[in-house]
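Here the structure comes first, spelled out in structure tokens, and everything after it is commentary.
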């Protein structure tokens, strides 16, 4: 691994947590205002990529809830699950339902998108970073 | 190369699969004994397209079903013996069952589109079965030829059926037949009939499409016996006979059928004399028989309907066993060349017995159902006024049929055994029982024609409603028959004796082969491949920039075409929105990023410059009421730069080369820049016009855009 | 359409086309990105942008405010952005792989997938 600046090494983790917080905020905000799972997922990917580039892939993997592929699978599973809720009520698949207190199956769907983007793209980035380390 | 004496290789022989056609056969006989014909079933499928699962079983369909399931049962038994050592036999049985079901569908379908579906399904399964031994190139070519010829005809038939359906205003076959006479004056009728007949002629191997059937003999013999003699090739005959009551009065129909039928019958009979391969001889004679059937359908008399039905029945009952005999000989000796086959009766007595009995029927001699059928045909022909030429032709055709029967049933079995005795042996019971059983069935109908009476008369009445009270038994008049067929039999005997000499003489025909339809087919196919290769060479040259230039030029000329053929106009204003400063900043970012991307020389800088274009459009989105887009674009551009940065090492570190500005690229870029952005402006005017209309026609007070959420 | 916007889009499209027609594989991919952004803008601009108000239904309301932006092109462009992003991710790796395989970065010489023909009819055989 090529040597990196100490400043970057030290600030990587705090930066990651800040980006993750922003990602979550965007994700939750998406319910009523601009934002949502895809953008939040991209922000989380940016954070994870930062970690992977500065501290290495193992460090980035440790701070992710699941390995990329399982994460993406859970995401897709959640999205499908959210669609089934409507189907169980006799409505077409992916018809979304709202409860009174601002919770909804849409939220679940967005969370699924969040995980799917986070998982799929970090898998992609890690593979690239890994190949980049060994590039000629 | 013989297999039959070896112990069977592992795995099932699938003998039990014969239960599938047999149970269908039992179901059919049970149904016939309990319920009066016709049976009908209609389940709507896509009513708006005139497509419904409409089935109708009348006498003719019932006869076809009896052949498909009855012969089918024995073919399955035969196949289980014939393929006992074939490791891939499971595949063949699957396709064979699929084929049988498709046949059942095709002869019971009443809906035109449904008929087409089943029809093509039989073509596809035939393709898979002919190409079952796919290693030899000839087998692949033969299966492709069978597919292209019959599918091409099927496609034409679909066009004809749709035309017929539109003219008659109904999508059922029975409805078309009922409406037949009223269609006579429609100017579209000849086109529709030619198209339908193309389908029937290709399927039943009528001239000039007769060449695919002998080539299809590369199929395993059970397939040849089932598809290419007893059932599938009769599908064209089936359709023509079905439609005959509607169009029988048309001179056009009569001339087409009698003309093509006669030419096919004669030409195929001549070609049969040129063959040395037993299966190909039989295939040629099958084509000849199919020609006779087409000719009979074309005859205007009602008795011809009975003749078609009886001949079809008789033909299936003798041709399928003869194919099985040929398969047994092939299996036992490893050759089908009649020059090497002599005296096989000593080694294969049971096969010889089946061959002789089937040959009797084929020659139309007493002791066989073919005898009865031949008489009915003679009566039908006598009822109609035939051109003298056609009458002579039928004598020739019958004589050749007798000669072919002689070759297949007598010549190869009599005389001294030429092959070493230890090389030839009788085949297993699974391959002996089916031909014997079918032949005995045929004999039974000869001695007790009353057994076949109900089935055949019901069938004949379905396609010839004018048929009076007749009986097959009544037609059985030994004395008259003998005198009528005597002369034909004599000529046939001469042909048989002179087979080899005629074969030599017909070599002179070889020089005409390269002008025949088979050669034309080859040339067409080859030409198609050449054209494809030529145009691939010139369009897929492997140069990416060439692809992109072509794509862009095509896109631009399409846009130009659209612009010239509509009255849309450019709508450009200097108007500034309230937040003009933001738009100006966005446009500035956009232009600066683009300019930098085009001129910078380090990859990372070019990358970031392209990111600037993305940021510029994001800013624009932000100030145009699309914060979601803006957020997404920002996030995407950022992550893209991160991703690209991790790929960059793979592109190396050398700076990008300065590229000369090519004239073609410059012109295309300028044209695209102006053309595509102008397209946005055009669309705007059209879009505004539409939204205004929507607002006016919609409830006033509603927002101009459809609701979401 | 505002002329200034059209001018900016024209320049972006022209530059995108120039980059795409470049013989360098990296410039080609960047050109795809620029052309993609410009195309999104064309679609967006074609639907009369102007309103600053996002296409979000206010709490309690049942329909969009009359002056809200048109949500239809936004939906189209949003999809296009996401798909364009995925396409570029793929193209970047494909380009890198091909450049390394071919040992050079001239797109017209990267013909591993389409080798020159040797037979008048049959397609060329791919070498593994």
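Rule-based calculations on the coordinates, nothing more; no lab input. Here the structure is a predicted model, which is why all the values come from computation and not from measurement. Cβ sites come from the backbone with ideal geometry, for glycine too, and all protein chains shown count toward neighbours.
Across all directions, the shadow cast by the convex hull of the protein assembly as shown built on its C-alpha atoms averages 52.3 square nanometres. Helical runs (DSSP H, four residues minimum) scored at -39500 (n - 2.57) apiece and divided by the length of chain B put the mean residue ellipticity at 222 nm at -23000 deg cm²/dmol. Taken along its principal axes, the alpha carbon cloud of region B:261-509 reaches lengths of 58, 43, 29 Å, longest axis first. Here region A:18-89 is treated as a sphere whose radius is the Kirkwood value from Cα pairs; by Stokes-Einstein at 10 °C and 1.306 mPa s it diffuses with a coefficient of 118 µm²/s.
Contact order, relative form, for region B:20-247: 20 percent (alpha carbon pairs under 8 Å, 6 or more residues apart, mean separation divided by residue count). In region B:324-452, the convex hull through the Cα atoms has an average projected area of 9.0 nm², a quarter of its surface area.
Three principal axis extents describe the C-alpha atoms of region B:20-247; from largest down they are 57, 43, 29 Å.
Short to long, the 10 Å bins of the Cα pair-distance histogram for region A:6-133 hold 14, 38, 29, 13, 5, 0 percent of all pairs. Principal-axis analysis of the Cα atoms of chain B puts helix B:517-539 at an angle of about 10° to the longest axis. Please give the helix A:68-88 orientation as an angle from the longest Cα principal axis of chain A, in degrees from 0 to 90, rounded to the nearest 10. Roughly 10 degrees, rounded to the nearest 10.
How large is the translational diffusion coefficient of region B:267-338 in µm² per second when you combine the Kirkwood radius over alpha carbon pairs with Stokes-Einstein at 20 °C and 1.002 mPa s? After rounding, the answer is 161 µm²/s.
In terms of other Cβ atoms within 10 Å, B:284, C:27 run from fewest to most in the order C:27, B:284. So what's the angle, to the nearest 10 degrees on a 0 to 90 scale, between helix B:478-497 and the longest Cα principal axis of chain B? Roughly 70 degrees between the two axes.
Within 10 Å of the Cβ of each residue in B:613-624, the mean number of Cβ atoms contributed by other protein chains is 6.
Note on C:85, B:93: ascending count of other Cβ atoms within 10 Å places them as B:93, C:85, the fewest first. For chain C, the alpha carbon convex hull comes to 170 Å³ per residue, rounded to a whole number.
Per the Debye calculation on region B:579-659 with a single equal scatterer at every Cα and no solvent contribution, log₁₀ I(q)/I(0) for q = 0.17 Å⁻¹ amounts to -0.69.
Once the gyration tensor of the Cα atoms in region B:161-201 is diagonalised, the equivalent ellipsoid follows with semi-axes of 15, 12, 9 Å, ordered largest first. Under the criterion of Cα pairs below 8 Å and six or more residues apart, the relative contact order for region B:152-205 equals 60 percent. Based on DSSP H segments of at least four residues, each scored -39500 (n - 2.57), chain A has a per-residue ellipticity at 222 nm of -25000 deg cm²/dmol.
Relative contact order for chain B: 11 percent, from Cα pairs under 8 Å spaced at least 6 residues apart, divided by residue count. Note on chain B: Rg/Rh from C-alpha atoms, Kirkwood Rh, equals 1.16. Largest first, the extents of the alpha carbon coordinates of region B:67-198 on the three principal axes equal 59, 32, 16 Å. At what distance in angstrom do the alpha carbon centres of region B:218-246 and region B:328-349 lie from each other? The two parts, judged by their Cα centres, are 28 Å apart.
Between region B:585-607 and region C:9-47, the alpha-carbon centres lie 12 Å apart. Using R0 = 25 Å, the C-beta based FRET efficiency linking residue B:191 and residue B:526 works out to 0.25. Here the sum of -39500 (n - 2.57) over DSSP H runs of 4 or more residues, divided by the residues of chain C, equals -20000 deg cm²/dmol at 222 nm, to the nearest 500.
As a proxy for reagent exposure, ranking B:391, B:361 by other Cβ atoms within 10 Å from fewest up yields B:391, B:361. Find the Cα radius of gyration of region B:365-415, compare it with 2.2 N^0.38 Å by division, and give the number to two decimals. Cα-based Rg divided by the globular estimate yields 1.39.
Ordering of A:84-93, B:57-66 by packing is B:57-66, A:84-93, highest average first (other Cβ atoms within 10 Å, averaged per residue). The separation of region C:95-119 from region B:414-430, counted between C-alpha centres, amounts to 62 Å. When the convex hull of its Cα atoms is viewed from all sides, region B:195-312 shows a mean projected area of 6.6 nm².
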